[in-house]
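Enquirer: Here it is, the structure, as structure tokens.
The values are calculated or read from the model by the stated rules, or taken from the named source; none is laboratory data. Quantities reported herein were computed from a predicted structural model and do not represent experimental measurements. Using ideal geometry, Cβ is built from the backbone for each residue, glycine included, and neighbour counts are taken over all protein chains shown. Accessible surface areas use protein heavy atoms only, side chains included; no ligands, DNA or RNA. Shrake-Rupley method; radii C 1.70, N 1.55, O 1.52, S 1.80 Å.
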Amino acid sequence: MPTLDDILEHVGEFDRFQKQTFLVLCLLSASFTPVYVGVFFFGFIPEHRCFSPGVAELSQRTVPLGPCRDGWVYNSPGSSLVTEFDLVCEDSWKLDLFQSSVNAGFFIGSINIGYIADRFGRKFCLLTTILANIVCGILLVFVPTYLWIVIIRFLQGLVSKGCWTAGYILVTEVVGPQYRRTVGILYQAAFSVGLLVFDAIAYAVPHWRWLQLAVTLPTCFFLLYYWCLPESPRWLISQGKNEKAMKIVSDMAKKNGKKMPSHFKDIQFEEDDCGKQNPSLMDLFRTPQIRKNTLILMFNWFTSSVLYQGLIMHMGMDAENMYLDFLYSALVEFPAAFIIIVTIDRLGRRYPWAVSNVVAGAACLATALIPEDMHSLKVVAACIGRMGITMAFEMVCFVSTELYPTYIRNLGVMVCSSLCDIGGVLVPFIVYRLVEVWYNLPLIVFTVLGLTAGGLVLLLPETKGRVLPETVEDVENFHRQSAPKAKKIYLHVQGSEV
């Protein structure tokens, strides 16, 4: 029985139409970097001392404990939130609140924006969140008070992650099955490219407000996506909008220079329930297989976030040059993407994913056990851990899209990825509080999380070579299928069932 993936085989699985969509969405992925890791540069803490009239060289460490009455002096050529609002000593918690606000926005937006994308479409979600992100980014440049900065930062987090994830869903839904994993990995690799670009811009523009403006203004061009991007034909089918879906497929064939087969021109898609499916949060837990997938994916999103950000924080506590440290942490992500691409079609999804989690956990344990005087070896072990968790992070993204039916795919990914945001809120406390007990204790916590996540991955069904599931029944029967197929979409050619 023909499916949408069968049609893509004739009109192009990854030809000119899909490549254009992929490239413009990669720009969107790269632009998400300043929101996710912006605090690294917006809130950098330079060397500082309490100013005392007549004692110009008095250092912070030599002054008596107590409030700094005459203000702080910073040894920095640029400016940050810390230098502008004196977020040091008794006010240092305000910098943590700044970062927590964007993660709180990620968490709330994960569910709400996911619902919008599944209810009103991927393209509508992208355009509205892009516009909201631009407005928030520009407002951050001009608001004068710390409180308003935190509020706007929260609003920016509310829409920006949903925008990134909606783009991820769209790019995987317009390509054929054999290209989904490649475009999914490269879409995330574009985020890594964004890390390098952001690092270079931050080095050239060391003043945080001008830096915020420099990374926001180019995103105004993303509003042109109204004309550049298609709606997802899979989403249109799931909503019963068959004519619009076939029009996009026809445009796809035309742009790809392919001729639509005559027996596909009058195809009509029809769901068994003959109705429009509206996503619901309970759909993620109502049936046994989807419930198991949801719980395991939630834990893996949480673990990936804690280990990914935690290793950066733990390695950066003794940083001497923040620009070089940021560069090193970005470069290690490219080999991770390459390893996934060359192994995933040979070994499937589950085993490389499980191994990457286990490697990350084992590397964290090795880093904790290596003596302090063997610093170079500790750095190597930590980099291996960072590479492993980067692989796990990239795989949890695209495997999540393959384990949910179309009508709740975006909602499922958003809800599961919300645990990533909870991990982002908790990881500073895990790192900076546990090091006071034992410097390497956070690494032991990372080890337990990584090994547990690797074991749970093996309980998920293998999705290698499968078509994207369209219905709940497809997911429930996933582990029983011996060959890729979709059961619930029927194709009618001029009134005759195919």
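Enquirer: Restricting attention to region 451-461, which residues are open to solvent by 50 Å² or more (accessible area, probe 1.4 Å) and either acidic (Asp, Glu) or within 20 Å of residue 366 (Cβ to Cβ) (or both)?
Expert: Those that are open to solvent by 50 Å² or more (accessible area, probe 1.4 Å) and either acidic (Asp, Glu) or within 20 Å of residue 366 (Cβ to Cβ) (or both): 451, 452.
Enquirer: Then there is this: Go through (1) among the aliphatic types (A, V, I, L, M); (2) assigned to a helix (DSSP H, G or I); (3) within 26 Å of residue 165 (Cα to Cα) one by one and return the number of the condition residue 460 breaks.
Expert: Condition (2) is where residue 460 drops out.
Enquirer: How many residues does region 326-339 hold that are open to solvent by 50 Å² or more (accessible area, probe 1.4 Å) and either under 20 Å from residue 203 (Cα atoms) or not assigned by the TED database to the domain that holds residue 383 (or both)?
Expert: 3
Enquirer: Okay, next question. Write out, first by first residue and then by second, each pair whose Cβ atoms fall under 8 Å of each other, whose residues are 6+ apart or on separate chains, and whose first residue, in region 8-32, is farther than 16 Å from residue 234 by Cα and in contact (Cβ under 8 Å) with a residue 60 or more places away in the chain while the second is surrounded by 22 or more Cβ atoms within 10 Å (Cβ to Cβ) and among the basic types (Lys, Arg).
Expert: 32/161
Rundown of residues vs (1) open to solvent by 50 Å² or more (accessible area, probe 1.4 Å); (2) at negative phi; (3) modelled with pLDDT of 80 or more; (4) out of contact with any strand residue (DSSP E or B) (no Cβ under 7 Å at 6 or more places or on another chain), yes/no style:
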site	(1), (2), (3), (4)
384	yes, yes, yes, yes
390	no, yes, yes, yes
400	no, yes, yes, yes
412	no, yes, yes, yes
422	yes, yes, yes, yes
432	yes, yes, no, yes
449	no, yes, yes, yes
463	no, yes, no, yes
466	no, yes, no, yes
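Enquirer: Still on this structure, please answer the following. If residue 352 meets every condition in (1) out of contact with any Ser or Thr (no Cβ under 8 Å at 6 or more places or on another chain); (2) without any contact (Cβ under 8 Å) to a residue 60 or more places away in the chain; (3) within 25 Å of residue 466 (Cα to Cα); (4) open to solvent by less than 50 Å² (accessible area, probe 1.4 Å) apart from one, which number is that one?
Expert: (1)
Per-residue answers, yes or no, for (1) crowded, with 19+ Cβ neighbours inside 10 Å; (2) in contact (Cβ under 8 Å) with a residue 24 or more places away in the chain; (3) not in a helix (DSSP H, G or I):
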| position | (1), (2), (3) |
| --- | --- |
| 156 | yes, yes, no |
| 159 | yes, yes, no |
| 171 | yes, yes, no |
| 185 | yes, yes, no |
| 197 | no, yes, no |
| 200 | no, no, no |
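Enquirer: Name every residue in region 229-285 that is modelled with pLDDT under 70, touching a helix residue (DSSP H, G or I) at 6+ places or on another chain (Cβ under 6 Å) and exposed (fewer than 15 other Cβ atoms within 10 Å of the Cβ), in order of residue number.
Expert: 261, 268
Enquirer: Also, I was wondering about something else. For region 318-348, which residues satisfy the criterion of being in contact with a helix residue (DSSP H, G or I) (Cβ under 8 Å, 6 or more places away or on another chain), assigned to a loop (DSSP other than H, G, I, E, B) and more than 15 Å from residue 390 (Cα to Cα)?
Expert: Residue satisfying the conditions is 319 alone.
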